[in-house]
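Peer 1: Here it is: the structure, laid out below.
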Amino acid sequence: MIAEVIVDIAAYPIDKPFDYVVPKEMEDIVEPGVRVKVPFGNRKLLGFITEIKDESDLNIVKLKQIEEILDITPVLTKEMLEMADWMKNHVLCFEIDALFAMLPSALKAKYERVIRLKDRSRLVDSEAQALFEKREAIPLHDVTSMKLLSILKKYSEEGIIEVETIVKQKTSVKKERILTIQSETEISKLLSLLSPQAKKQKELMDWMIGHAGEILSAKYVLESTGVQPAVLNAVIEKGAAITSMEEVYRDPNIVDLGDHSVPFQVTEEQAKVMDALMKEKDQPATFLLHGVTGSGKTEIYLQMIQDVISRGKEAIVLVPEISLTPQMNSRFKSRFGDLVAVMHSGLSAGEKYDEWRKIQRGEVKVVVGARSAIFAPFTNLGVIILDEEHESTYKQDDTPRYHARDIAIWRSQYYSCPVILGSATPSLESYARASKGVYRLLTMKERANHHPLPAVHVVDMRDELKNGNRSMFSVDLADAVRKRLERKEQIVLFLNKRGYSSFVLCRDCGTTVQCPNCDISLTYHRASEVLRCHYCGHEEHVPTNCPECSSEHIRFFGTGTQKVEEEVSKLFPGARVLRMDVDTTRQKGAHEAILKDFGDGKADILLGTQMIAKGLDFPNITLVGVLTADTTLNLSDFRAAEKTFQLLTQVSGRAGRHDKPGEVFIQTYSPEHYAIQHAKNHSYEPFYRQEMMARKQYEYPPFYYLTLIQFSHEDLMKVSEYAGKTVEWLRQRLSDQSAVIGPTAAAISRVNNRYRYQCLIKYKKEIGLTETLQQLIKMYRTEWLKTGLYMTIDMDPSTIM
DNA sequence: AGCACGCCGACT
DNA sequence: GTCGGCGTGCTC
């Protein structure tokens with residue numbers, strides 16, 4: 001019996017199945033999808049069996065044997081193996097990268113090199129003797145002395161010791177000691193034998209009598225009685241309880257926001273949507289659910305899932321980043337209880353692994369999670385939902401560069417189940433597909449509770465400046481804030497911070513302090529009083545004089561949330577402010593805590609960045625202020641207008657969701673821009689039409705597909721040379737239907753002392769593109785890589801900056 | 001990717 | 001004479 005194995009090395013010549021002989025005793029256990037430990041060259045590697053066959057094309061005597069099987073049941077399903085095969089061509093990644101993307105990181109291998117003693121009698125060196133005094137094997141990592149290392153090297157050649165690779169799983173199953181308490185009569189008997197000095201043991205046994213026959217965790221017993229572990233061990237030793245180790249799940253403890261969700265009475269619009277969904281509930285159809293903020297998309301999801309579960313099937317719900325939307329999370333938990341697993345970046349590797357196993361074992365029916373949850377190992381999917389489908393976080397920005405939407409559609413075809421893409425502001429791509437009938441368009445124009453959408457005011461900050469207001473609050477917004485503070489209503493202030501963090505600027509010569517390794521300004525971090533580069537991590541102290549002109553007029557500039565917070569407390573003394581940004585949410589559970597405090601009315605103002613734009617739903621929010629709408633607008637990216645529109649619409653939707661009417665102020669330096677004007681009017685369709693015209697004119701998606709190829713090299717001449725060479729090479733091979741743009745220097749032209757260039761392929765239909773690009777990769781891997789050039793290909797870039 | 005094999009310069 | 005530099009080639 002022969003097994004085809006994909007091994008744990010992401011490199012061009014290794015990216016194919018290798019044949020191994022299956023030892024007789026393993027024949028019953030091996031099957032595609034199990035992880036194995038295999039010899040590879042002179043080392044040991046983890047690998048995945050992808051196929052079992054009777055014969056190999058290679059000479060059987062050359063084949064090595066599988067050394068160990070790491071799973072009793074396969075970790076990869078047949079579906080995943082098929083999906084990996086499709087994925088590697090679709091996103092141009094190595095098969096092993098695709099496979100690992102589908103599994104929790106806990107199942108990756110941890111490699112450890114160990115020196116094992118073979119022949120103690122020939123161990124003559126005293127240092128080496130000391131090393132192996134008590135042990136037969138020691139981790140190679142522990143040997144740091146160069147002298148000892150060279151002695152060991154000699155021993156290894158003489159066969160006295162042997163270097164061995166240990167393949168370990170990163171995180172394992174958590175086990176807990178479980179006690180089965182004996183019967184009352186049994187314990188009483190033991191009590192009578194107890195020495196009178198053993199007061200603590202008596203105390204514990206007395207407690208146990210009250211819990212006779214129960215099965216409890218050792219941890220629980222210790223906590224309830226307060227005795228020392230040694231006392232418990234003594235009592236167990238005497239036979240008062242039987243112990244065993246049992247597998248337990250780590251508890252990612254979800255904050256219950258007290259939002260006990262019951263199915264709502266659906267509105268007429270919702271009922272129509274449900275009807276349409278039900279008609280094709282076992283078709284591999286993709287629906288685009290376009291519903292204004294507050295129209296009750298979540299309720300649609302919940303009822304759809306309810307139906308799916310009742311038919312014995314499973315559901316995947318993707319949210320942009322679950323730890324950012326605890327309200328959604330809590331709503332699913334309260335509706336479906338233990339049938340829900342959560343998967344998000346806030347969980348530890350162990351917690352993720354446990355949630356994954358719950359899914360694999362069929363103990364849960366619903367998974368709510370971020371991007372990677374799209375690979376949840378369900379085997380009978382009934383629906384896949386992508387909430388806020390326009391979010392760019394659904395696209396992975398490093399290998400494998402997949403888009404969760406594409407994976408969702410692939411899986412929906414495999415299981416013949418629907419995909420629901422939900423958004424108040426669909427991506428142009430999805431809306432265009434829906435318009436063409438590729439997706440089914442479902443629309444909800446009204447808020448479920450019939451409350452009107454908030455009134456949006458656009459404030460021209462140029463006028464403010466003219467009138468001598470240099471603060472970041474316009475007169476109108478400041479007035480509106482004061483009014484809410486008086487009325488004890490809540491306010492959300494949104495700072496559109498991307499690409500606009502604080503930097504240090506010299507007021508005399510205009511110099512900003514740059515990173516020495518990258519072509520970008522350093523960011524000022526108030527907490528640690530340092531300047532940091534977000535690309536390479538370089539750190540330096542804040543200078544007291546300008547590095548260029550030595551002027552003392554150098555200070556940090558820009559509008560970070562901290563700065564806004566200061567201004568708020570100056571402008572509105574007494575207002576209680578909660579700040580939510582990367583700094584205040586670094587700790588686990590901090591998001592939930594901040595939102596809970598705000599929901600409980602412990603603050604008047606919630607101040608934050610992107611992360612507060614979504615999912616907030618508190619009845620007392622009646623005012624939303626967008627301090628700077630322009631920052632995303634000015635990005636040199638073809639999606640800048642779309643992103644701005646989406647963001648403004650999302651934040652606006654936070655106001656007046658319940659009984660009290662809401663109001664929104666958008667401050668901007670370009671009030672006439674169509675993205676801002678359409679956001680003001682809550683009008684998606686007109687925005688869509690206008691943006692589509694721009695995309696058509698400039699030949700961008702959804703009219704053209706994009707492929708972005710990026711290059712980097714320490715030598716500026718080399719990058720530009722290879723980028724140019726690539727562009728030429730591609731132009732020769734691609735049809736005249738496609739355009740190759742570039743080469744151009746990247747927006748950030750240097751990162752970590754490597755110069756960056758890029759080129760862009762625009763195409764409508766290019767039949768041999770994948771093959772051509774694979775040839776390019778081959779050329780890069782075999783020839784260019786040696787010169788120090790790096791190249792990456794993104795088949796569907798979320799940004800071309 | 002990592003490691004062995006292999007052919008040329010500065011040291012005990 | 002040997003130790004070690006990293007070019008090249010292979011891994012079932």
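The values are calculated or read from the model by the stated rules, or taken from the named source; none is laboratory data. Computed from a predicted model, the values in this text were never measured in an experiment. Cβ sites come from the backbone with ideal geometry, for glycine too, and all protein chains shown count toward neighbours.
Peer 1: Here's a check for you: in region A:413-463, which residue that is without any contact (Cβ under 8 Å) to a residue 12 or more places away in the chain and part of a helix (DSSP H, G or I) is nearest to the chain's Cα centre (by Cα)?
Peer 2: Result: A:435.
Peer 1: Inside region A:660-689, can you point out the residues that are hydroxyl-bearing (Ser, Thr, Tyr) and over 30 Å from the mean Cα position of the chain (by Cα)?
Peer 2: Passing the criteria: A:668, A:669, A:670, A:674, A:683.
Peer 1: Answer with yes or no whether residue A:197 is away from DNA strand B (no atom under 16 Å from the Cβ), without any contact (Cβ under 8 Å) to a residue 60 or more places away in the chain and closer than 30 Å to residue A:226 by Cα.
Peer 2: yes
Peer 1: Quick one: would you say residue A:576 is over 25 Å from residue A:294 (Cβ atoms), surrounded by fewer than 20 Cβ atoms within 10 Å (Cβ to Cβ) and at pLDDT 90 or above? First the steps, then the outcome.
Peer 2: Values: over 25 Å from residue A:294 (Cβ atoms): yes; surrounded by fewer than 20 Cβ atoms within 10 Å (Cβ to Cβ): yes; at pLDDT 90 or above: yes.
Taking the combined requirement at face value, the residue satisfies it.
Peer 1: Also: Could you please find all residues in region A:17-55 being free of Cβ contacts under 8 Å to residues at least 40 places away in the same chain and near DNA strand C (Cβ under 10 Å from one of its atoms)?
Peer 2: Within region A:17-55, A:17, A:18, A:38, A:39, A:40, A:41, A:42 qualify.
Peer 1: Identify, from the list A:335, A:371, the residue that is closer than 23 Å to residue A:618 by Cα and among the charged types (D, E, K, R).
Peer 2: Details: A:371 fails: closer than 23 Å to residue A:618 by Cα.
From the options A:335, A:371, the qualifying one is A:335.
Peer 1: Which residues, counting only those in region A:264-276, are without any contact (Cβ under 8 Å) to a residue 24 or more places away in the chain and assigned to a loop (DSSP other than H, G, I, E, B)?
Peer 2: Once the filter is applied, which keeps residues that are without any contact (Cβ under 8 Å) to a residue 24 or more places away in the chain and assigned to a loop (DSSP other than H, G, I, E, B), region A:264-276 yields only A:265.
Peer 1: Identify, please: which residue in region A:767-801 is over 29 Å from the mean Cα position of the chain (by Cα), away from DNA strand C (no atom under 16 Å from the Cβ) and part of a loop (DSSP other than H, G, I, E, B) and is, among those, surrounded by the fewest Cβ atoms within 10 Å (Cβ to Cβ)?
Peer 2: A:767
Peer 1: Hey, any hits in region A:460-474 for a residue that's outside the structural domain of residue A:675 (by TED's automatic domain parsing) and either in contact with a helix residue (DSSP H, G or I) (Cβ under 6 Å, 6 or more places away or on another chain) or among the basic types (Lys, Arg) (or both)?
Peer 2: Initial filter on region A:460-474 (outside the structural domain of residue A:675 (by TED's automatic domain parsing)): none.
No; the residues of region A:460-474 include none that is outside the structural domain of residue A:675 (by TED's automatic domain parsing) and either in contact with a helix residue (DSSP H, G or I) (Cβ under 6 Å, 6 or more places away or on another chain) or among the basic types (Lys, Arg) (or both).
Peer 1: So if I check each of A:602, A:614, A:563, which one is of a type in the set (Lys, Arg), modelled with pLDDT of 75 or more and assigned to a loop (DSSP other than H, G, I, E, B)? Give the steps one after another, and end with the answer.
Peer 2: On the way: A:614 fails: modelled with pLDDT of 75 or more; A:563 fails: assigned to a loop (DSSP other than H, G, I, E, B).
Being of a type in the set (Lys, Arg), modelled with pLDDT of 75 or more and assigned to a loop (DSSP other than H, G, I, E, B) holds for just one of A:602, A:614, A:563, which is A:602.
Peer 1: What pairs come up if the first residue lies in region A:759-785 and is at positive phi, the second is part of a loop (DSSP other than H, G, I, E, B), and their beta carbons are under 9 Å apart, counting only those six or more places apart or on different chains?
Peer 2: Listed by first residue and then by second, the contacts come to nothing, as the list is empty.
Peer 1: Hey, any hits in region A:752-764 for a residue that's crowded, with 18+ Cβ neighbours inside 10 Å, within 16 Å of DNA strand B (Cβ to nearest atom), outside the structural domain of residue A:391 (by TED's automatic domain parsing) and over 23 Å from residue A:394 (Cα atoms)?
Peer 2: Yes.
Peer 1: From the list A:361, A:311, which one is without any contact (Cβ under 8 Å) to a residue 24 or more places away in the chain and not assigned by TED's automatic domain parsing to the domain that holds residue A:641?
Peer 2: Details: A:311 fails: without any contact (Cβ under 8 Å) to a residue 24 or more places away in the chain.
When all the criteria are applied, what remains is A:361.
Peer 1: Would you point out which residue out of A:8, A:97 is crowded, with 16+ Cβ neighbours inside 10 Å and within 16 Å of DNA strand C (Cβ to nearest atom)?
Peer 2: Working: A:97 fails: within 16 Å of DNA strand C (Cβ to nearest atom).
Result: A:8 is the single residue among A:8, A:97 that is crowded, with 16+ Cβ neighbours inside 10 Å and within 16 Å of DNA strand C (Cβ to nearest atom).
Peer 1: Oh, and also: Any residue at all in region A:289-304 that's surrounded by fewer than 17 Cβ atoms within 10 Å (Cβ to Cβ) and either among the polar types (S, T, N, Q) or at pLDDT 95 or above (or both)?
Peer 2: There is no residue in region A:289-304 that is surrounded by fewer than 17 Cβ atoms within 10 Å (Cβ to Cβ) and either among the polar types (S, T, N, Q) or at pLDDT 95 or above (or both).
Peer 1: Another question, then. Among A:201, A:283, A:265, A:228, which is under 30 Å from residue A:388 (Cα atoms) and either modelled with pLDDT under 85 or outside the structural domain of residue A:306 (by TED's automatic domain parsing) (or both)?
Peer 2: Being under 30 Å from residue A:388 (Cα atoms) and either modelled with pLDDT under 85 or outside the structural domain of residue A:306 (by TED's automatic domain parsing) (or both) holds for just one of A:201, A:283, A:265, A:228, which is A:265.
Peer 1: Something else: Here are A:498, A:470: which of them is under 16 Å from residue A:627 (Cβ atoms), in a loop (DSSP other than H, G, I, E, B) and at pLDDT 75 or above?
Peer 2: A:470
Peer 1: Determine, yes or no, whether residue A:117 is within 16 Å of DNA strand C (Cβ to nearest atom), over 29 Å from residue A:357 (Cα atoms) and among the aliphatic types (A, V, I, L, M).
Peer 2: No; evaluated as a whole, the condition is false for this residue.
Peer 1: In addition: Hey, could you check region A:160-197 for residues that are of a type in the set (S, T, N, Q) and surrounded by 16 or more Cβ atoms within 10 Å (Cβ to Cβ) and say which is modelled with the lowest pLDDT?
Peer 2: A:171
Peer 1: Just to be sure before I move on: is residue A:20 of a type in the set (Phe, Trp, Tyr) and more than 14 Å from DNA strand B (Cβ to nearest atom) in the structure I sent?
Peer 2: Taking the combined requirement at face value, the residue satisfies it.
Conditions (1) within 16 Å of DNA strand B (Cβ to nearest atom); (2) touching a Ser or Thr at 6+ places or on another chain (Cβ under 6 Å); (3) at pLDDT below 80, marked per residue:
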{"position": "A:116", "(1), (2), (3)": "yes, no, no"}
{"position": "A:125", "(1), (2), (3)": "no, no, yes"}
{"position": "A:132", "(1), (2), (3)": "no, no, no"}
{"position": "A:136", "(1), (2), (3)": "no, no, no"}
{"position": "A:142", "(1), (2), (3)": "no, no, yes"}
{"position": "A:145", "(1), (2), (3)": "no, no, yes"}
{"position": "A:149", "(1), (2), (3)": "yes, no, yes"}
{"position": "A:153", "(1), (2), (3)": "yes, no, yes"}
{"position": "A:158", "(1), (2), (3)": "yes, no, yes"}
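Peer 1: Of everything in region A:45-68 that's crowded, with 19+ Cβ neighbours inside 10 Å and farther than 26 Å from residue A:407 by Cβ, which residue is modelled with the highest pLDDT?
Peer 2: Among those residues, the one meeting the criterion is A:66.
Peer 1: Here's a follow-up. Take region A:388-405 and flag every residue that is touching a residue at least 60 places away in the same chain (Cβ under 8 Å) and closer than 22 Å to residue A:291 by Cα.
Peer 2: A:388, A:389, A:390, A:391, A:392, A:393, A:394, A:404
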